[in-house]
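Here is the structure we will look at.
The values are calculated or read from the model by the stated rules, or taken from the named source; none is laboratory data. Because the structure is a prediction, the values reported are computed rather than measured. Quick reminder, even Gly has a Cβ in these numbers, built from the backbone with ideal geometry, and neighbours come from all protein chains shown. Just so you know, the surface numbers come from the protein's heavy atoms only, side chains and all, with ligands and any DNA or RNA stripped out. Shrake-Rupley method; radii C 1.70, N 1.55, O 1.52, S 1.80 Å.
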Amino acid sequence: MTEGNVLINPASLAKPSGFSHGVLAENTVFLAGQTALDQDMNIVPGGIVEQFTQAFSNVLTTLEEAGGRPEDLVSVTIYLTDVDDYMANGREIGRLWRQMAGSQYPAMAGIGVSRLWQKEALIEIQGIAVIPER
């Protein structure tokens, strides 16, 4: 890792092991993939909507710890174990996105995968943000 990069590991998130929740390199924040883990290292109960809310909240918590805001997101990748389930709940997920991050959307990709690190995880969200001088 380049000297001057700052590891971002919010105390309110589960303690990472073998990775950092984020890395701030100059004014760019690289946000690690976040599943719906709560602080006790458990996937939140419920379906894709509840898991989206927790996973995206984890991403935004890391971004905020780095000094960023949701509108600073420039790229988001969403990994899904069931794309059809995500699409069926897209209206509610979109409403939650706007509630949590506003209506400015970054470049995005949604990718279907066979499984994620935790077997109970339905979604993982990864991002990149550029924090402007304020």
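So that you can scan it fast, the table gives a plain yes or no per residue for (1) over 16 Å from the mean Cα position of the chain (by Cα); (2) over 24 Å from LYS15 (Cα atoms); (3) surrounded by 16 or more Cβ atoms within 10 Å (Cβ to Cβ):
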{"position": "PRO70", "(1), (2), (3)": "no, no, yes"}
{"position": "TYR86", "(1), (2), (3)": "no, yes, yes"}
{"position": "SER103", "(1), (2), (3)": "yes, yes, no"}
{"position": "LEU116", "(1), (2), (3)": "no, no, yes"}
{"position": "GLU124", "(1), (2), (3)": "no, no, yes"}
* Asked: Looking at (1) at pLDDT 95 or above; (2) more than 14 Å from the chain's Cα centre (by Cα); (3) open to solvent by 70 Å² or more (accessible area, probe 1.4 Å), which is the one condition that is false for THR2?
  -> (1)
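Each row is one residue, and each column tells you yes or no for (1) farther than 18 Å from SER75 by Cβ; (2) touching a residue at least 12 places away in the same chain (Cβ under 8 Å); (3) out of contact with any helix residue (DSSP H, G or I) (no Cβ under 9 Å at 6 or more places or on another chain); (4) among the acidic types (Asp, Glu).
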{"site": "ARG95", "(1), (2), (3), (4)": "yes, no, yes, no"}
{"site": "MET100", "(1), (2), (3), (4)": "no, yes, no, no"}
{"site": "ILE111", "(1), (2), (3), (4)": "no, yes, no, no"}
{"site": "GLN118", "(1), (2), (3), (4)": "yes, yes, yes, no"}
{"site": "LEU122", "(1), (2), (3), (4)": "yes, yes, no, no"}
{"site": "ILE125", "(1), (2), (3), (4)": "no, yes, no, no"}
{"site": "GLU133", "(1), (2), (3), (4)": "yes, yes, yes, yes"}
* Which residues, taken from segment 24-50, are open to solvent by 30 Å² or more (accessible area, probe 1.4 Å), free of Cβ contacts under 8 Å to residues at least 24 places away in the same chain and either of a type in the set (Asp, Glu) or assigned to a strand (DSSP E or B) (or both)? -> GLU26, GLU50
